[in-house]
Amino acid sequence: MASRPLEREDVGVTDASAKHQLAALGALLRAQRVSAQLSLRDLAERTNVSNAYLSELERGLHEPSLRVLRAIASALGTPLASTLASAGVLGEGEDGLPAGVRETEAAILRDPELSEPQRTALLSVYRSFVGTRSL
């Protein structure tokens, strides 16, 4: 029996900084999906989340539930905490960096000369050498 796609459990966002974070999260999710060479349809099948909703998430139009984020991270093979930290959603640590992000990762994320796919590729290579922190 086919399971139903996950229902929308998002929250409307009105705060400008929250909108910026959602846009950053959406861009990061898109870059990770593209880096994994998955179409939106492929990701929708792997996550049981509708294609249209995933597209809206990537454009920063909705605040996804934790369940949806876990499904996406699992399908992409990335730790959820790392994804949220990279998108700046988890807040900053004592060193001023997003929680769980090393200086090298922060430099890659800040570099204006890099495209989103280049950032994702560099972060993937870097993390393969040093491992990821569990948050």
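All of the numbers you see were taken from the coordinates with simple rules; none came from a lab. In this text the structure is predicted, and so the values were computed from the model without any measurement. Cβ atoms come from the backbone with ideal geometry, glycine included; neighbour counts cover every protein chain shown.
Pairs of alpha-carbon atoms within less than 8 angstrom and 6+ residues apart define the contacts here; what relative contact order does region 16-130 have, in percent? Numbers along the way, then the final one.
Details: 113 pairs, mean separation 31.2, N = 115.
The normalised contact order for region 16-130 reaches 27 percent.
Taking 0.36 nm per residue of separation and subtracting the current Cα-Cα distance, fully stretching the chain between Ser39 and Val125 would add 28.8 nm. Peptide packing for 111-122, 46-57 was compared via the average number of neighbouring C-beta atoms within 10 Å per residue; ordered from the highest value, the list is 46-57, 111-122.
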